[in-house]
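Report on one structure; see the data block that follows.
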Amino acid sequence: MKKIRIKTISAVAEILGGVASIAASAAVILTGSGPLGFISVLIVVFFAVFLIARFVINRFFIYKITPLYRIIAAKNISTKKLISEHADNDHIVEDVKDELSDWADKKSEEIARLKDNERYRREFLGNVSHEIKTPVFTIQGYILTLLDGALEDKHINRLYLERTEKNIDRLINIIKDIDEISKLENGEMVLNFSKFDIVSLARDICDSLEIDAQKNEITLKVNYSQTSPVNVHADKAHIEQVLVNLITNSIKYGKKGGNTSINFIDLIDKVVVEVEDDGIGIDKTQHARIFERFYRVDKSRSRAHGGTGLGLAIVKHIIEAHGEQVTMRSEIDTGTVFSFTLTKSTVK
């Protein structure tokens, strides 16, 4: 582009020099000629200016249009179509350039998104392989030990069989969770909407998880003092699954002697449900990925508790399948709050 500009400037300079010479000659002629000489000089000057203008305009369009043609060729679209779409526009060059720039930006975003999806796919396959491989190899080790003679030892055989059963259960849970996420993402899971009291459901879940909470010295509390129910319109079974996942996480990763509370906020036609704990919290650098499949804040600790790494991903998919939103806010050593919205029931 710089070479084109330099050549253009040089050429214009040469033409201007020629025009200057013509003007000088015209001045000489005018001093000794009548009206006819004056008209002749005007004609010569007009043609000189015309040639300069034509040259400059041609160079301008070459400079502007050439990059556009390159983009058009890469885009593989018809130039006739572009021209017809902007035929009545006085700013065709600018409009076409803007349109092609927008197209280039969209393509860049699409390429970036495809690269992210490819990275996500590789991570997902690696995580699935690791999650399944761990319990399978553990089961294999226990069985081989039993076959090598431990089966005859009454103290060992039962212990190894119980451990094998736990790993089989973990493997089954992983497969179930993957299958459920797949159905949610593909829209294959049918949600059965009904009217139910979300506060009553939360209290029932807390009662069922009380033993686990006591083992971890966690106190569960439902913060709702009113007697009137909070009826929502949702799939009760799946919302129960959401609350179980969130409350179970707060129990597993909470501090000893800590608290987990379920709060309800009225938003006219919506209800915000919060599961709040005063546990170890989550670093801000990990907030963006917390709902990804198999993503773990503390991998070693998560596996020690038997988690599949799919719980929060399932929560996100279930809430979004309801047309609602789930969010998370957390600070290290302060605690974590998971919030999701539900639509109030209009049925009386």
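Can you confirm whether segment 224-236 contains a residue that is open to solvent by less than 30 Å² (accessible area, probe 1.4 Å) and under 15 Å from Phe338 (Cβ atoms)? Checked against the condition, which is being open to solvent by less than 30 Å² (accessible area, probe 1.4 Å) and under 15 Å from Phe338 (Cβ atoms), segment 224-236 yields no hits at all.
One residue stands out among those in segment 206-223 that are open to solvent by less than 40 Å² (accessible area, probe 1.4 Å) and part of a helix (DSSP H, G or I): the one that is modelled with the lowest pLDDT, which is Ala213. Checking each residue in segment 272-285 for being in a loop (DSSP other than H, G, I, E, B) and open to solvent by 50 Å² or more (accessible area, probe 1.4 Å) picks out Asp278, Ile280, Asp283.
Table: residues versus (1) aliphatic (A, V, I, L, M); (2) farther than 17 Å from Asp197 by Cβ.
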{"residue": "Ser225", "(1), (2)": "no, no"}
{"residue": "Ser228", "(1), (2)": "no, no"}
{"residue": "Asn245", "(1), (2)": "no, yes"}
{"residue": "Lys256", "(1), (2)": "no, yes"}
{"residue": "Val273", "(1), (2)": "yes, no"}
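When segment 186-203 is limited to residues that are assigned to a helix (DSSP H, G or I) and open to solvent by 90 Å² or more (accessible area, probe 1.4 Å), the one that is farthest from Asp266 (Cα to Cα) turns out to be Asn186.
Screening Asp269 against (1) in contact with a strand residue (DSSP E or B) (Cβ under 6 Å, 6 or more places away or on another chain); (2) acidic (Asp, Glu); (3) surrounded by 14 or more Cβ atoms within 10 Å (Cβ to Cβ) leaves a single unmet condition, (3).
Taking segment 291-331 as the search range and keeping residues that are among the β-branched types (Val, Ile, Thr) and at pLDDT below 85, which one is most open to solvent (accessible area, probe 1.4 Å)? Going through the qualifying residues, I end up with Val297. Here Asn173, Asn167 are screened, and the one residue that is assigned to a helix (DSSP H, G or I), polar (S, T, N, Q) and open to solvent by 40 Å² or more (accessible area, probe 1.4 Å) is Asn173.
Is there a residue being open to solvent by less than 50 Å² (accessible area, probe 1.4 Å), in contact (Cβ under 8 Å) with a residue 12 or more places away in the chain and in a strand (DSSP E or B) anywhere in segment 241-257? Looking for residues that are open to solvent by less than 50 Å² (accessible area, probe 1.4 Å), in contact (Cβ under 8 Å) with a residue 12 or more places away in the chain and in a strand (DSSP E or B), one finds none in segment 241-257, hence no.
Each residue in segment 134-155 was checked for being at pLDDT below 85 and either among the aliphatic types (A, V, I, L, M) or in contact with a Cys (Cβ under 7 Å, 6 or more places away or on another chain) (or both), and 2 of them qualify.
The values are calculated or read from the model by the stated rules, or taken from the named source; none is laboratory data. Just so we're clear, the structure is a prediction, and the values are computed from it rather than from any experiment. Note that we place each Cβ from the backbone using ideal geometry, even for glycine, and neighbour counts take in every protein chain shown. Ligands, DNA and RNA are excluded from the accessible area calculation, which covers all protein heavy atoms including side chains. Shrake-Rupley method; radii C 1.70, N 1.55, O 1.52, S 1.80 Å.
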